[in-house]
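Please treat every number below as a calculation from the coordinates, not as lab data. Note that this is a predicted model, so its numbers are computed, not measured. Heads up, the Cβs are rebuilt from the backbone with ideal geometry, glycines too, and the neighbour counts pull from every protein chain shown.
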Ligand SMILES: NC(=O)c1ccc[n+]([C@@H]2O[C@H](COP(=O)([O-])OP(=O)(O)OC[C@H]3O[C@@H](n4cnc5c(N)ncnc54)[C@H](O)[C@@H]3O)[C@@H](O)[C@H]2O)c1
């Protein structure tokens with residue numbers, strides 16, 4: 001199996017895109033550690049998936065998480081920075097706390113986890129880091145916090161790709177468009193539907209579409225792809241899809 005013997009860390013893997021990524025890696029025989037604020041629903045019968053509760057924006061919790069995995073497995077092969085939140089409002093209505101919360105989870109969180117695993121991957125002389133950005137890094141009305149966090153994550157991806165390349169570690173990002181998850185279903189239904197109508201194919205993606213891109217970027221097949229932002233958005237990033 002493609003990922004036999006590999007240890008994969010996934011943040012925010014209890015639901016949505018992260019859950020689909022964890023299940024895909026489990027199917028391909030990896031050992032997975034999910035790090036999430038929420039407890040899982042315990043329907044997960046896959047013994048390859050382990051769960052640790054924590055907050056990606058808390059450095060102590062991230063360090064304890066990475067130390068725990070190293071104590072148990074002694075190696076970390078793949079890291080997927082997936083946890084993310086939205087707190088949308090036009091800037092004139094956005095509270096400072098909503099800017100800070102989104103930047104802390106979506107940008108500082110990945111930075112903390114990358115900082116914790118970089119020395120391990122450098123020593124191993126191998127590793128893959130995949131950051132889940134968003135098409136909104138290109139700019140979205142009402143998302144000055146979220147788009148900025150994802151734009152920052154794109155820049156972080158490009159910097160770490162340069163810094164870790166000589167250690168045989170690649171760092172790439174997947175940039176999803178509209179994906180049908182709890183996050184997007186938290187919008188009023190008419191807003192969700194208006195976004196669907198803006199898709200070139202008039203349909204949203206599903207979490208498994210992102211899992212396919214992530215496992216490709218984590219595989220041997222992508223060893224010379226580094227510092228790239230793979231748009232997985234049904235063509236939305238091309239521009240007007242009418
Ligand atoms: N759904 C979309 O259309 C879409 C589009 C573009 C990008 N994304 C990105 O994909 C990722 C996953 O999105 P989703 O739609 O599955 O979201 P979701 O809200 O369904 O799931 C996010 C998960 O992250 C966890 N989480 C939140 N804050 C955390 C924290 N501080 N520490 C640890 N875990 C935390 C949540 O508990 C949850 O399990 C996010 O980074 C999001 O920005 C989603």
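Computed as a quarter of the hull surface, the mean projected area of the alpha carbon convex hull for the chain stands at 12.9 nm². Among 209, 41, 233, 73, which comes first, then next, by fewest other beta-carbon atoms within 10 Å? Ranked by crowding around the Cβ, least crowded first: 41, 73, 209, 233. Shape analysis of region 98-185 based on the Cα gyration tensor places the equivalent ellipsoid semi-axes at 26, 13, 11 Å, largest first. Of the residues 105, 72, the one with the fewest other Cβ atoms within 10 Å heads the list, and the complete ranking is 72, 105. Each of 111, 92, 137 was scored by other Cβ atoms within 10 Å of its Cβ. Arranged with the fewest first, they read 92, 111, 137. Annotation: average projected area of region 197-242 is 3.7 square nanometres, based on the convex hull of Cα atoms across all directions. Using the Cα gyration tensor of region 97-140, with a ≥ b ≥ c the square roots of its eigenvalues, what is the shape: rounded (a/c below 1.5), prolate (a/b larger than b/c) or oblate (neither)? Oblate is the answer for region 97-140, as a/c is 1.5 or above yet b/c matches or exceeds a/b. Over all pairs of different C-alpha atoms in region 1-72, the reciprocal of the mean inverse distance, the Kirkwood hydrodynamic radius, equals 12.3 Å.
Give me the Kirkwood hydrodynamic radius of region 122-242, using the inverse of the mean 1/r over all pairs of distinct Cα atoms, in Å to one decimal.
Values: mean 1/r = 0.0654 Å⁻¹.
Value: 15.3 Å, from the Cα pair sum.
Contact order for the chain, expressed relative to its length and based on alpha carbon pairs under 8 Å spaced 6+ residues apart, stands at 19 percent. Every helix of 4 or more DSSP H residues in the chain counts as -39500 (n - 2.57), and over all residues that averages to -12500 deg cm²/dmol at 222 nm.
With contacts taken as Cα pairs under 8 Å at a separation of at least 6 residues, region 15-91 carries a relative contact order of 25 percent. Between region 192-223 and region 1-66, the C-alpha centres lie 20 angstrom from each other.
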